[in-house]
Amino acid sequence: MPTTKVVVNIPGESAYDVRVGAGALDRLGQHVRATAAGGKADRVLVITDSNVAPLYLAQAKRSLAAEGYRVSDITIPAGEDSKSIAVAGEIWEAMAACSLGRDCVVVALGGGVVGDIAGFVGSTYMRGVSVVQVPTTLLAMVDSSVGGKTGVNLSAGKNLVGTFNQPTYVCADINALSTLNEREWACGCAEIAKASVIDSDDFFFWLLDHANQLAARDEGVVQEAIVRSVVFKADVVAQDQTESRGVRECLNYGHTLAHAIEKLSGYGTYSHGAAVAEGMRFAARLAADLLGTPEELVETQDELLDALGLPALSWSASPADMLDAMKRDKKARGGQVRFVLPRDVGNWELVEVSDDILRAHLQQWTASKA
Ligand code: NAD
Ligand code: ZN
C-alpha cells in the first residue's frame, strides 16, 4: 500500500510533510535530505529510548547513513521519568561533546516521551537545530509528533518547561507499530476517538464503522485513521499554534477528568488512553446536561470506545478528591474547572463548570461505579 503525505502548513512557519505508511522508515534518510535544513547538514543525532533502540535504531541509522550522514545516537531509559531536565542536560552535554554544530539534525525515534524531550533539546541546543520526528507509538503518530509542542516535566507537574517548535519532517512508519502492546495501542485509539468527536460527522462515523478493524490493526484502516487524525491536528494547530486563540484547547477533550484519574489512581495504574476514554464518557454526559447534547452522541461514543478496547473504568474516587485534583490542574483558570464539551459531533465549546454542578455529576459518576 502506498504511503500518504500530509502537509502541515502553519502560518509563519515553514510547511512540513508528515509521511504515513508501511516502509516509510527505510526512506527516512532521503526525506531528511530533502527537507530544508537536512539538505546542508552532514551530522545527525538520533535520540531514542531503551525499548525502541533494539527494534528500530539500526534501521533508522542505515537509512540516514545511506544518504551520507554521519550518524550518532543516544538512548535514554524508556518511560515518562526520562522527560526531565536532568536527562535533557545529559543530551545537551553529549551533543557538545561530539561537536554537533547548529547545522546538525536531531531525529526523535520513539513515542511521545522521546518526541517531547528530543524536540525540546533540539529546539534549545545552540538556540535551535532542525528536528525530525519519527514516532513509533500510535499515540505519537496521531498526536504528539505533529504540532510542535515540546517539553519536559518538573517535580511540580508535567510539561511545565518547553517550547513551541515545529519539526521539519515527520516519518510515521506503520510497520513500527507491530511491536506495540495492547495497552499502548488503545492509548493511540483514545486520541483518535477524541479527534473524531471534535472533528466531524465524517470522521466520527467512519471511525465507528471501522473501529473493529482499527482494534484488529488492519493496515489500511490504521493508515487512514492516522492520516485523518494528522489532518485534524494540523488544522487545529494551523489555527492556533501556541494555544492562545482558544482553538487548540479542543485537543483537551476528555483530558480534564483523565488528568484527575491518572493523578488520584497513581500514574501508570490506568493508561493515559483509558483515562481519556473515561473522561470523554464523563464529558459527553455533562454536555448532555449542560448543552442539550443529543443522548445519541453519548451512546454512540460509548459504543465506539467499547469497540476500540477502551471500556468504562470500574475505578472511581470521592467527588471531593476529584474536584480538588481538577482545580489544581494547570489548565484550570482561577480555580475554575473548564471542560471541552461537544454540543454535537464536530461542534465543541469550552465551558466553565461550577463546583456545584461538577460535584453533582461526580457523585453520579462515583455512584455508577459502586
Ligand atoms: P512513550 O513514549 O512512553 O511510549 C510508550 C511505551 O512504548 C514506552 O515504553 C516506549 O518505550 C514503548 N515503545 C515506543 N515505541 C514502541 C514500539 N514501536 N514498539 C514497542 N514499544 C514501543 O509514550 P507515548 O504514549 O508515546 O507518549 C506519551 C508522552 O507524549 C507523554 O509524555 C505526553 O506528555 C506526551 N504528549 C505530547 C504531546 C505533544 O503535543 N507534544 C501530545 C500528547 C502527548
Ligand atoms: Zn492525551
Subject >> Residue list for the stretch 171-180, filter: open to solvent by 20 Å² or more (accessible area, probe 1.4 Å) and among the small types (G, A, S) >> reply: S178
**OP:** Determine, yes or no, whether D209 is away from ligand 1 (no atom under 16 Å from the Cβ) and open to solvent by 10 Å² or more (accessible area, probe 1.4 Å).
**Re:** yes
Subject >> Unique match (being away from ligand 1 (no atom under 16 Å from the Cβ), modelled with pLDDT of 95 or more, among the hydrophobic types (A, V, I, L, M, F, W, C) and open to solvent by 30 Å² or more (accessible area, probe 1.4 Å)) among M95, M126 >> reply: M126
**OP:** Output yes when any residue across the stretch 83-103 is among the hydrophobic types (A, V, I, L, M, F, W, C) and touching a Pro at 6+ places or on another chain (Cβ under 9 Å), and no when none is.
**Re:** yes
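Count, please, the residues in the stretch 287-302 that happen to be under 23 Å from the mean Cα position of the chain (by Cα) and either of a type in the set (S, T, Y) or surrounded by fewer than 19 Cβ atoms within 10 Å (Cβ to Cβ) (or both). Let's see the steps before the verdict.
Pass one, the stretch 287-302, residues under 23 Å from the mean Cα position of the chain (by Cα): 301-302.
Then drop every residue that is not either of a type in the set (S, T, Y) or surrounded by fewer than 19 Cβ atoms within 10 Å (Cβ to Cβ) (or both), which leaves 302.
Residues flagged as under 23 Å from the mean Cα position of the chain (by Cα) and either of a type in the set (S, T, Y) or surrounded by fewer than 19 Cβ atoms within 10 Å (Cβ to Cβ) (or both) within the stretch 287-302 amount to 1.
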Original post:
Identify, please: which residue in the stretch 253-284 is in contact with a Ser or Thr (Cβ under 9 Å, 6 or more places away or on another chain) and over 28 Å from A78 (Cα atoms) and is, among those, nearest to ligand 1 (Cβ to nearest atom)?
Top reply: A283
**OP:** State which residue is least open to solvent (accessible area, probe 1.4 Å) when the search covers only the stretch 181-203 and only residues that are part of a helix (DSSP H, G or I), more than 16 Å from ligand 2 (Cβ to nearest atom) and within 19 Å of V247 (Cα to Cα).
**Re:** F203
**OP:** Please go through the stretch 217-252 and pick out each residue that is of a type in the set (V, I, T), away from ligand 1 (no atom under 12 Å from the Cβ) and in contact with a Leu (Cβ under 7 Å, 6 or more places away or on another chain).
**Re:** V221, V222
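The values are calculated or read from the model by the stated rules, or taken from the named source; none is laboratory data. This one's a predicted model, so the numbers in the text were calculated from it and none came from an experiment. Because the Cβ atoms are built from the backbone with ideal geometry, glycine has one as well, and the counts that use them run over all protein chains shown. The protein model used for the area step is the full one, side chains on, heavy atoms only, and it has no ligands, DNA or RNA in it. Shrake-Rupley method; radii C 1.70, N 1.55, O 1.52, S 1.80 Å.
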